[in-house]
Structures are given as C-alpha cells and as structure tokens.
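Nothing in this text is a laboratory measurement; each read-out follows from the coordinates by a stated rule. All values reported here derive from a predicted model rather than from experimental measurement. Using ideal geometry, Cβ is built from the backbone for each residue, glycine included, and neighbour counts are taken over all protein chains shown.
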Protein chains: 2
Amino acid sequence: MNVMNDSPRRKELTRQAAQLFVQAGFDRTTVRMLAQEMGIKSGSLFHHFRDKQEILTAVIEEGTQNALIIAKAALEQCDNSAEARLQAMARAHLETLLTDRNAHVVALYEWRRLDPEARDHLSHLRDAYEALWETVIDEALAAGLIHGDRFLVARFVMGALNWTVRWYDPAGPRSPDDLALELVAMITHRPV
Amino acid sequence: MNVMNDSPRRKELTRQAAQLFVQAGFDRTTVRMLAQEMGIKSGSLFHHFRDKQEILTAVIEEGTQNALIIAKAALEQCDNSAEARLQAMARAHLETLLTDRNAHVVALYEWRRLDPEARDHLSHLRDAYEALWETVIDEALAAGLIHGDRFLVARFVMGALNWTVRWYDPAGPRSPDDLALELVAMITHRPV
DNA sequence: GGGTCAACCAAGCAAGCGCTAGTGTAAATT
DNA sequence: AATTTACACTAGCGCTTGCTTGGTTGACCC
C-alpha cells in the first residue's frame, strides 16, 4: 500500500522479522505473529511492506549488503599479502555471522521461498560477495599459497564457512579470529 | 490411524514425498499435493502415515540410514591408510548425494520443521554418522596427514561436503571421485 | 464362504491464512 | 487555517490448510 522506503522504522521492523523467521521459519511465521512482535496490528504491517514476501526480501537484502560492506572494508584495511587477504575475508565472514546472524540464517534457509524477481535481484548482491571471495582465492592460488581447482577450492571454503551458522556459538571459547586462523591454516597447511 | 510399518509401499511413497519436499519445501507441500503425486486421495495418505510430520521423519530417516550404511561399507572395503580412509569417507558422502539427493536436501533444509521427539530420534542417527567422520579425522591427525584442532577440522570438512548439495551437478564434468580427491588434496596439501 | 484386513475414497469440518477496505488521528507541510 | 502525510486501527472476506469420518473394495485365509 505504500512506498519501499528505507525509514529507520522499517529497518527495525525488518530486524524483528528476521528473528521470527529464524525461530519459526518463513512459512510458519504469520503476519499476525510479525505484527505482535512489532507491537502493532496485522493490518498495519502492510503500511510498511507491500506483502509478506517483501519482508523476507528486506531481511536478506539487509544482511547481504552488510556482509559485502564489511568484507570490502576488511580487504582495504589489511596487508597486501595473499595470506593476509585470505585471513581478512574469513574473519570478516565470521564477524558478520555475529552481528547479522539472523539475517544470514534466513538467507541460507529461506532463499527458496523468495519469488523469482526478488531472487534475481538478491542473487546479484550475493554474486558480488562471492566474486570477492573468488578474487582472493585466485590470488592465493597465484601466490602458491594453496593449490587445486579454483572453482572447487572456492566452493569448499565457502561451504566450510557458511556451515558455521549451524554450530558456531559466539558465547563459546573460540573467537571469529580463531576460526579464521584455523581455516586458513588448514587450507594453506601452515602451522597456526 | 495405522501402524508405522516398513512396507515397500510406504518406502515408495516416502521417496515421492522427498521429491515434493525438495521442490516446494515441507510447509508448502500440502497433503493434497502429496496424495496426487502418489496417485491416491488425500484421505488415503493417513492410512500410511500418522500425520504430515511422520512423512518428513520417514524421508530424513531413510536418507540418513542409507548414508550410514554406505559410509560403513566404504570404510570396510578400503585400505587401512589414513589417507585412503579419508578419501573413502568423502567419496561415500558424495555418492550418497547422488543416489539419495532428495532425502539429504530435505534433511539439510527441513530439519527444523521436525517436532522435538522426531528430532531427538533422528539426531542419534546423525550423530552416528558424524562419529564415523570424527574417527577418520582423528586417524588422519594421528598420522600427521592433517593438522589443527580436531573439532574445527571436522566441522570445516563436514561443511565443505554438505555444502555440495547446493552446487554439485551430477550431470557435470566432475565425478564424486574427483571431488573427493580434490577435497582430500586440499586439506592434506598433497598434489592431486 | 464368512471373516479379516490393508488400501482406498468422497465429503467436509474447524482453524488459520494473507490480505483488503475503510476509518481515525496526530504531526508536518502549505 | 487548510491540507497532506504517516501510521495505526477494526473488521472480516475468500480461501487453503491438516486432518477426520464413515464407508467401499478386493485380495487372501481357514
């Protein structure tokens, strides 16, 4: 019923929606549940979002955009060595999981619930993020830091990292830094 | 309304359900869709399964049990070297993805839709499978084939492998064997 | 040849779903 | 002072959902 603006109100609602989507899954989160969490009535929700789908899109867009920003910043601030850049990307990835965990869990689990247009739009964002990774991995390959098929190595690393949302406990003894170090050590075969 | 038997009929229905769950997701697959795919009416479905939840449980149970059987067989048939055993586990994992892909995709994506009792029951099966992996990784660590924290290495490897369901194309140029070789090469740092 | 039983069907219920229509109201804008 | 905007409300429509009910069919068994 309204515009797709970027009001702070909408950002906050998106954040709350992400939490519910994680807890119950997108399909089982009703607009009434969302409204209650937001402290409004279900009808009022459609003032901020065209429909339920748009809430899902907003959640994933927010998370992916933040990941992209953080990763770019990390690459700019670190050393130029292939190893340092690899490490910076891994650490950035894991740090994003700390700050935007809900959004990323939703992105991983509910991607298929997006309608085709939204998926198309968001996949460009995701591709941009993955392109960063592939660049860094190419550099590591060129530097002789790692070996193998660039496509496969990239997929394996992304898999290992994305899988962390299923077991990583921010309150546990391991920091994102620890994990990043260990992962890079594993694939470069250098002692931690 | 009926028993939880292991009739071949039920196995076939379970297989068909898995396909629909992959295509549409568990929540969006209605009992009417399931019945139509099975060539029966929606009411008849409840002769074979107590409720919709039980179909999901059956799908995941079937897939996990097969994975466990295949992995055990692979370990028994391969050489005793740590590297061979690592390779055998990776290949077995990827071969299961070929034969039982639907069930495994469902297990990955719809796990959270299980009710607590089913989740408890199935997590024991999954733990048994992961225990196999941890054994093999411990052996590889003891043999000096790989290095690092056993917990983290196991999680990273499981992540890299499980992530393959999101991108691996069985019709593509790479066989499960190729992937297994490349993964083991990556973490042991030996040329392919 | 009566009894059993798995397998199926037609019909429908109660609940819940996403979303809409129409209205109220306080603050901002003109 | 008049108008617009932003945000919220109430009430409920039209539809789908998982599941139940009560009954039929045909193959097999002693």
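Here are the numbers:
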| read-out | value |
| --- | --- |
| Lys, Arg +1 and Asp, Glu -1 on Cβ, resulting dipole of chain B about Cα centre, debye, nearest 20 | 680 debye |
| In order through segment A:158-163: 3J(HN,Hα) via Karplus (6.51 cos²θ - 1.76 cosθ + 1.60), integer Hz, x for Gly, Pro | 4, x, 4, 6, 5, 5 |
| 7 Å along Cα→Cβ, label-point gaps from B:Gly43 to other copies, nm, shortest first | 4.0 |
| Rounded if a/c under 1.5, otherwise prolate or oblate - segment A:97-192, Cα gyration tensor axes | oblate |
| Inter-chain shielding of A:111-119 (mean C-beta neighbours from other protein chains, 10 Å cut-off) | 1 |
| Cβ-derived FRET efficiency at R0 25 Å, B:Ala24 paired with B:Phe46, nearest 0.05 | 0.80 |
| Which of B:Ser7, B:Ser44, B:Asn102, positive extreme of dipole for segment B:1-119 (C-beta unit charges) | B:Ser44 |
| The protein assembly as shown shape via C-alpha gyration tensor axes, a/c threshold 1.5 | oblate |
| Paramagnetic label zone (point 7 Å from Cα along Cα-to-C-beta, B:Ala142; backbone N under 19 Å) in segment B:60-94 | B:72, B:75-90 |
| Segment B:1-70: C-alpha gyration tensor shape, a/c 1.5 cut-off, then a/b vs b/c | oblate |
| Residue-wise HN-Hα coupling along segment B:32-47, computed from phi with Karplus coefficients 6.51, -1.76, 1.60 (Hz; x: Gly, Pro) | 5, 5, 4, 4, 4, 4, 7, x, 10, 8, 4, x, 5, 4, 7, 7 |
| A:Trp167 versus A:Asp120: modelled label distance in nm, points set 7 Å from Cα along the beta carbon direction | 3.9 nm |
| Shortest-first distances to equivalent copies, position A:Glu130, nm, label 7 Å out along Cβ | 2.6 |
| Cα-centred dipole magnitude for segment B:117-164, charges only on beta-carbon of K, R (+1) and D, E (-1), debye, nearest 20 | 160 debye |
| Relative contact order of segment B:81-192, pairs being alpha-carbon contacts under 8 Å that are 6 or more residues apart, as % | 46 percent |
| Estimated inter-spin distance, B:Arg150 and B:Ala131, nm [label 7 Å along Cα→Cβ] | 1.4 nm |
| Net charge dipole size for segment B:1-79 [Lys, Arg +1 and Asp, Glu -1 on Cβ; Debye, nearest 20] | 420 debye |
| Relative packing of peptides A:160-167, A:123-130 - highest average C-beta neighbours within 10 Å first | A:160-167, A:123-130 |
